[in-house]
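Written below as structure tokens is the structure these notes are about.
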Amino acid sequence: MPSSGFDPLKWWLSGREGVDEAQDRDIERSCGSKDGYPSETAARANAAMNGMSSVLFTYECPYCRGWHLTRRKPPAMGAGG
Ligand SMILES: [Zn+2]
């Protein structure tokens with residue numbers, strides 16, 4: 001029996017699968033291992049203390065509303081800095 005119909009939502013989800021997966025895993029690990037930092041300054045300070053300020057980026061977590069560190073550069077949010 002062929003499937004009863006084309007599901008556009010399923011198709012769309014299958015297309016974006018993998019794109020968000022890596023970031024979701026990153027966020028999940030960050031949120032799961034520890035609470036987010038209360039501010040970007042705190043997150044950056046922690047990275048600096050570990051000598052990782054040049055390889056870690058900070059981002060505001062949409063899940064816990066805290067700040068996390070990531071090795072992946074987040075989407076550009078403006079020039080300068
Ligand atoms: Zn989080």
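Some notes on this structure:
- Each label point was placed 7 Å from the Cα along the Cα-to-Cβ direction; for residue 71 and residue 52 their separation is 0.9 nm.
- Rounded FRET efficiency, nearest 0.05, which uses the C-beta distance separating residue 7 from residue 31 and R0 of 35 Å: 0.70
- Ellipsoid semi-axes for segment 32-74, based on the Cα gyration tensor and the rule √(5λ), read 16, 11, 9 Å when sorted largest first.
- Most tightly packed first, judged by the mean number of other beta-carbon atoms within 10 Å of their residues, the peptides 63-70, 42-49 read 63-70, 42-49.
FYI, it's all coordinate maths here, none of it is from the lab. Owing to the predicted nature of the structure, the values given are computational and were not obtained by experimental measurement. Heads up, the Cβs are rebuilt from the backbone with ideal geometry, glycines too, and the neighbour counts pull from every protein chain shown.
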